[in-house]
Amino acid sequence: MPNKFLSIPSLSEASNQDLRLESTLRELPLYQFEVQTSCLGVEVAEIFEQYPLLPGAILIDQGKFVGMISRRRLLEYLLRPQGLELFLNQPLHVLYSYARTEMLLVNDTTPILVAVQQALRRSPELLSEPLVVKVEPNSYRLLDFQELNITSWQIRGIETQVRYERAQTQMIQTEKMASLGRLVDGVAHEILDPVGFIWGNLTHVSSYSQQLLELVSAYQTNIPEVPAVVTELETDLEIDYLQEDLPRAIASIQSGAERLKKLAVALQNFCHIDEVYPKPADLHGSLNHIILLLKSRLSSDIEVVKNYGHLPPVPCFIGQIHQVFMNILTNAIDALINHALSQKFAQELHRISDINYGYKPQITITTEVIAQKSPYRGVPDQRIVSIKIADNGSGMSPELQQQILESFSIAKRADKETSLSVSYQIIKAKHGGEFMMRSQLGVGTEFEILLPLV
């Protein structure tokens, strides 16, 4: 190979991996053809004739990259009047001094969709020019624009298909959740009916039993000589214990019926199907219902502190707000359980420095109405409802916080939807509010929801 041709024309193989939205230029076929600027134009033209798909040549001068000349640009100057006489037998640096244009230089790690956007921003006369791709510190390749454009359309087709499939899956999931909500609402209604019968009759049972016990007491007081058969029956029935325990048993049944009623009502409220327009709702009642539903996960060690302020009815889609509260409280419970387990594990290993013996897992809920100052003169301040849900767990690392914040973006949320990203979307997009997160290692995590009062 002549020294002027630093490499013979070659084409790298495309990656066998399926194209993805994140695919980069290194997954595309790239042309390698480097020549010295001292090479004659006729020599390069012969190479182009031998390799009809070669889009251009990388120009090297004294071992350094100086630019690129495309097949189209070379032929364009050779076909000009007297172009053959002027440039064919001249070194490439002569032709390049006339044919030099703005080139697009990108790294091989650049995503395909980003590279095609950069290429399309070029002036119209440069749209068909190949891109120069830097693959190593001192190594360059050429990428044909048509190849890049075709691949980008393939990726966009994949993106459209993925979005369609996700939309279909979301529709199925939404319908499934709606059906489940209607089913749970029906079950809760069926529970409430017999509970209503029990609750309604317990008042009468309590009254009747009290009257019967008073009658038995009156007999015992006013009949000094009790027949032996009655005395024997009193002994067998343990009448003294029965008189003492019967009111407690009825009170226990009343308490159980009341708890069951509250649980069924909480289920009905959680499965509430929102209407087209937001309606005023009691957020404190919503929080209490969610805490009741999560009671099985709230171990006796976890304390829920309610710092409820005075809140007016807040216009919102209460069914979606239920879901947000459920997601945040579930996240807080998981964090506290994990932290408690790590504390217990440290205690078993006798790592005294890692143990806080006075630690008490706690979830603090704080609600209040705050005033947000308007940036416009003459416009009154806006009233905002603030709901803060904080835990005193181990907190989150900066890396984890960054991942969560990134999941709030549309691109990341479409890639992997999480309960917190769904909550962010509900508060931000559906209610025009704010969803904020604060966390510190060793201190805990706090989520704050801001909802406008209109």
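The values are calculated or read from the model by the stated rules, or taken from the named source; none is laboratory data. Given the structure is predicted, the values throughout are model-derived calculations rather than measurements. Ideal geometry is used to build each Cβ from the backbone, glycine not excepted, and the neighbour counts take in all protein chains shown. Please note that ligands, DNA and RNA were not included when accessible areas were found on the heavy atoms of the full protein model with its side chains. Shrake-Rupley method; radii C 1.70, N 1.55, O 1.52, S 1.80 Å.
Solvent exposure of the range 12-163 amounts to 54 Å² per residue of accessible area, where only protein heavy atoms count and the probe is 1.4 Å. May I ask for log10 I(q)/I(0) of the range 18-85 at q = 0.12, 0.15, 0.29 Å⁻¹, from a Debye sum over the Cα atoms as equal point scatterers with solvent left out? Rounded to two decimals, the profile gives -0.41, -0.59, -1.33.
Here L441 and Q62 are evaluated by their C-beta separation; at R0 = 51 Å the FRET efficiency comes out at 0.40.
From largest to smallest, the equivalent ellipsoid semi-axes obtained for the range 204-301 from the alpha-carbon gyration tensor read 49, 15, 9 Å. Which percentage, to the nearest 5, of the DSSP beta bridges contained in the range 10-129 is antiparallel? Taking every DSSP beta bridge within the range 10-129, about 75 percent pair in antiparallel fashion. Calculated from the alpha-carbon coordinates, the range 287-331 shows an Rg and a Dmax of 11.9, 35 Å respectively. Computed packing ranks the peptides 207-215, 46-54 as 46-54, 207-215, most packed first, by mean other Cβ atoms within 10 Å.
Obtain the radius of gyration and the Kirkwood radius of the range 29-125 from its C-alpha atoms and give Rg over Rh. When Rh is taken as the Kirkwood radius, the ratio is 0.98. Projected onto their three principal axes, the Cα atoms of the range 102-141 cover extents of 30, 19, 11 Å, largest first.
Packing, as the average of other Cβ atoms within 10 Å across residues, places the peptides 361-367, 251-257, 120-126 in the order 361-367, 251-257, 120-126, highest first.
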